[in-house]
1. Which value, in Å to one decimal place, does the Kirkwood hydrodynamic radius take for segment B:7-80 when every pair of different Cα atoms is included?
2. What's the extension gain from A:Asp49 to A:Thr34 if we count 0.36 nm per residue and subtract their Cα-Cα distance?
3. Mind checking the mean number of beta-carbon atoms from other chains within 10 Å of the Cβ atoms in A:50-56?
4. Taking beta carbons within 10 Å but only from partner chains, what does the mean come to for residues B:35-43?
Number of protein chains: 2
Amino acid sequence: MTRTMNISKIIKFHRKKSGLTQKGLADLAGVGKTVIFNLEKGKTSVQYDTIQKVLNVLNVKINFESPLMNLIRETDEKNTNL
Amino acid sequence: MTRTMNISKIIKFHRKKSGLTQKGLADLAGVGKTVIFNLEKGKTSVQYDTIQKVLNVLNVKINFESPLMNLIRETDEKNTNL
DNA sequence: TATTTTTTACTGCTAAAGCAGTAAAATTAC
DNA sequence: GTAATTTTACTGCTTTAGCAGTAAAAAATA
């Protein structure tokens, strides 16, 4: 299921559901406990790859949505790089 | 439409479709040109809010997907904060 | 209740993100 | 073809993310 929602709430909810403490999640994700604390506090000046590490542990996928999105492969077939 | 894809390609594609240069997009997003260059180059150690600024200009939404996602509002109704 | 665990909140430190400027390479336009 | 634009790539600089450590506040547990 796909929904638009702030990261803060998503992380906290999934962490709780996983029965993890902030420190526990941080260790599993390979980040400092401060990152989890800050994210759940609502801080968004967190590096994208750091957030990815956390969401990976929690089994949360990041998707991008736009009207043009489905045109990428079809019109730009040569861009197999990147 | 929703798809899982790397930010790099998404940004470059949408920027081109918008007829913007890297500098042009950077200015509209209020970030440095280096950010656009790095993002399109594939760098992921970019701050989340910085990416948001860029994607906002390009009309790209970030969604989060997980099996638990639809349970958030229902089971955690009091969390209207955050 | 008291005790343990967890969360919040601060610290000083190191590494690096983000910036503007410049210049060369590549692309596009004429 | 040349000229203009755009992209790539590098600078030095300032700000800050992320880290571990500590401690107090809050929450959970016995």
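Readers should treat all values here as calculations from the given coordinates under stated rules, not as data from a laboratory. Quantities reported herein were computed from a predicted structural model and do not represent experimental measurements. Positions of Cβ are backbone-derived with ideal geometry, glycine not excepted, and every protein chain shown enters the neighbour counts.
1. Values: mean 1/r = 0.0732 Å⁻¹.
Evaluated over segment B:7-80, this radius sits at 13.7 Å.
2. Numbers: separation 15, 0.36 × 15 = 5.40 nm, distance 1.54 nm.
Answer, rounded to one decimal: 3.9 nm.
3. Values: counts 4, 4, 2, 0, 0, 3, 0.
Per residue, the average neighbour count from other chains is 2.
4. Details: counts 0, 0, 0, 0, 1, 1, 1, 2, 2.
Mean shielding by partner chains, rounded to a whole number: 1.
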